[in-house]
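Heads up, the thing below is written out as structure tokens.
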Amino acid sequence: MVRVTYILQDAADFPQCWPVLKQYFGEIRPACTMIAAGLADPAMKIEIQVTALKQS
């Protein structure tokens with residue numbers, strides 16, 4: 001992964017995401033952006049979009 005965008009309903013929730021993100025990304029350090037915005041379903045707390053390179 002080279003880029004990640006996190007979209008949260010409430011920006012204050014982002015610190016709670018770090019343990020899970022660290023678990024799955026490990027040593028990967030992609031460029032990242034966090035955006036606070038309304039999501040399509042109020043029950044959703046976070047949307048994660050990633051861009052990855054496929055090695056040939």
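What to note about this one:
- Single residue of segment 32-51 satisfying the filter (assigned to a loop (DSSP other than H, G, I, E, B) and surrounded by fewer than 11 Cβ atoms within 10 Å (Cβ to Cβ)) that is nearest to the chain's Cα centre (by Cα): A37
- Residues that are touching a residue at least 24 places away in the same chain (Cβ under 8 Å), out of contact with any Lys or Arg (no Cβ under 7 Å at 6 or more places or on another chain) and surrounded by 13 or more Cβ atoms within 10 Å (Cβ to Cβ), drawn from segment 1-31: M1, R3, V4, T5, Y6, I7, C17, F25
- Each residue in segment 1-27 was checked for being among the small types (G, A, S), under 15 Å from K45 (Cβ atoms) and not in a helix (DSSP H, G or I), and 0 of them qualify.
Computed from the coordinates by the stated procedures, all read-outs in this text should not be read as laboratory data. Bear in mind the structure is a predicted one, so any value in this text is a computation, not a measurement. For neighbour counting, all protein chains shown are included, and Cβ atoms are generated from backbone atoms with ideal geometry for every residue, glycine included.
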